[in-house]
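Asks: Below is the structure I would like to discuss, written out as structure tokens.
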Amino acid sequence: MLVKHAKTKEEYFSACKGAIASIYSNWADDFNDWRSHLPGFRGPSPVVLVVASDGTRAKWLFEHLTTDYPLLRNPDDEDPQSWHTIQVDSKVFDAEKGNEAILREIVNTVGREGRSGEGVRCIVSVNMLSEGWDVKSVTHILGLRAFGSPLLTEQIVGRGLRRVNYDVLNQPLEERTAGSEETVDAFGIPFVGFPVQRRRRSPAGSWGNKPVWIEPNQAKDSRRMRIPNVRSWAVGMSEPLTSVVRLHDLPKLVVDPRHTPTEIVVRPVVGGKPEAMLTLEHFRAEFPLLRTAFLTARELLDQTTPDGAVDLGIGPTFDELLELVQAYLDTHVDAIGSAARQDVGIYYWRLQMLNILENAIRSAGTGGIATVPIIGSPEFFDTAHQRRFQWTGIVATGKKAHANQVPCHTDLEKQFADFLDRAPDVIRYVKNERFGFSITYYDNNRPRQYYPDFIVAVRDPDGRETMWIAEPKGEMRLTTTLKQEAAQLWCGKMSSTEFGPWRYLLVPQRHFERVNTSGVKSFAEFAASLTERNLTAAMGT
């Protein structure tokens, strides 16, 4: 909300008094609501953030708010730590001494019980949008300045998007109590909102139906599913590591000075000037190759022998990993130009070496290495122990599922469940809704959890039982391929264990609808049709 052409104090407030009164009224309602629910009300209160265009107008606003609005008045005390309304700008975050340093401490502790910012109810700010300010109790924002770019609007609205309480997020939406949502009121900020891609749903199904209980049906105990709760994987060794890893086949690592910084410059979080904290000369003196070898071996041990595997006596030992790392450093690491071999200890290069060696260990062949699943707690996801829950969405009959009905998000999922019920080679299945089964995949180097839709037990022609992870998909997204690759890798590992065999099936909606109406009856036939489709696509025919 930009107040244009207001040169005097009177002109300024004639233009924005209404907005101030409106935001204050809404904030006061929240303040009184907090006070009525918190006996004594000594803790943090909701905070209103007022953004001004310059220091002069910020001073006018500060005087107006602390004079005309009772809940924002400051005590007759010169100590800012007792104030309810404070005025700050970006200089406060760089202050080291004096009143500005005190204000910095207050601003950084707003909403924290027992700290100097506990009693703050209103902040009048100028030019502090770029500061990394993380306060959870901002409930109202008033913008009295120009917002010339979408980034500024996102930054200021983002000040109110921190939650005070995150416990409720662990509960399903339909189980949350009334009033558990947290909102922010923003006035004067031209914000169009975040772009949201709507999920397409088939029109036949409906949501908002009368709630039904989803729970195990004892009459269908023969359809019970028990899935191993694999939380990580270890590398099991039956031969010495140096015997199974073919070192001469590994790629070499060339340290190039063009990708190596000559110094690291660090700016303190609050105050101070940027300083060169570490130069290449210091790094080389502090990180000889032997230290890098120890660090890499330690990281490889963490990757190949996760928590829980040590007690089982599986996985390569630290000494074996250290020997492998030292051999790689001696034979496969070179430096060009002004770089030195010690520079391989810089994280950029050490990470590449770590990836090379970990891949070599995990793919060293079946003769001396096996992948061992590390089972979590509980050891199995069990449909017999699944907690009952209410469902207002689409449901399928689920003749071959242990639950009384199958909860579905889309009609595609319901149609797929109906197909599983008809398929003669399907023994049993579970819809992975609040069942807990997940597979870890990586998106931009960050671990994510993938929850596949169905887990299906299928009887093969030879009578053997194969477990399938099936994902009917109506809309392909950027992460679909990442999830598919992670699931296929997971199934490949599981197939080499006592819990195998496992396979993965991605089911595109169009293909499912076409094949489902073509007379295909068994799951095996359907899976084969998808394999033929993929081969045809790969051949370009």
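Asks: Would you check which residues across region 460-492 are closer than 24 Å to Q405 by Cβ and of a type outside the set (V, I, T) and list them?
Replies: Filtering region 460-492 for residues closer than 24 Å to Q405 by Cβ gives 467-474.
Answer for region 460-492, where residues must be closer than 24 Å to Q405 by Cβ and of a type outside the set (V, I, T): M467, W468, A470, E471, P472, K473, G474.
Asks: Follow-up question, since we're still on this one. So in region 199-220, with the set limited to residues that are of a type in the set (A, V, I, L, M) and under 21 Å from F435 (Cβ atoms), which one is modelled with the lowest pLDDT?
Replies: V212
Asks: How do the pairs read when you match residues in region 14-30 that are in contact (Cβ under 8 Å) with a residue 12 or more places away in the chain with residues anywhere that are in a helix (DSSP H, G or I), using Cβ under 7 Å and keeping only pairs 6 or more apart or on different chains?
Replies: Pairs found: A28/L71.
Asks: Let me ask you something else. Which condition from (1) modelled with pLDDT of 75 or more; (2) outside any helix (DSSP H, G or I) is the one that E11 breaks?
Replies: (2)
Asks: Sticking with this one: Specify the residue that is surrounded by the most Cβ atoms within 10 Å (Cβ to Cβ); the eligible residues are those in region 425-452 that are under 16 Å from K493 (Cβ atoms) and modelled with pLDDT under 85.
Replies: Step one: list which residues in region 425-452 are under 16 Å from K493 (Cβ atoms), which gives 437-442, 450, 452.
From what's left, modelled with pLDDT under 85: 440-442.
On the way: T440: 14, Y441: 20, Y442: 11.
Result: Y441.
Asks: To continue, here is another question. Going residue by residue through region 506-515, is there one that turns out to be charged (D, E, K, R) and at pLDDT below 80?
Replies: Scanning region 506-515 turns up no residue that is charged (D, E, K, R) and at pLDDT below 80.
Asks: Given the conditions (1) under 14 Å from R145 (Cα atoms); (2) modelled with pLDDT of 80 or more, report the number of the one that H5 does not fulfil.
Replies: (2)
The values are calculated or read from the model by the stated rules, or taken from the named source; none is laboratory data. What you see is a predicted model, and the numbers here were worked out from it, not measured in a lab. Reconstructed Cβ throughout: ideal geometry from the backbone, glycine too, with neighbour counts over all protein chains shown.
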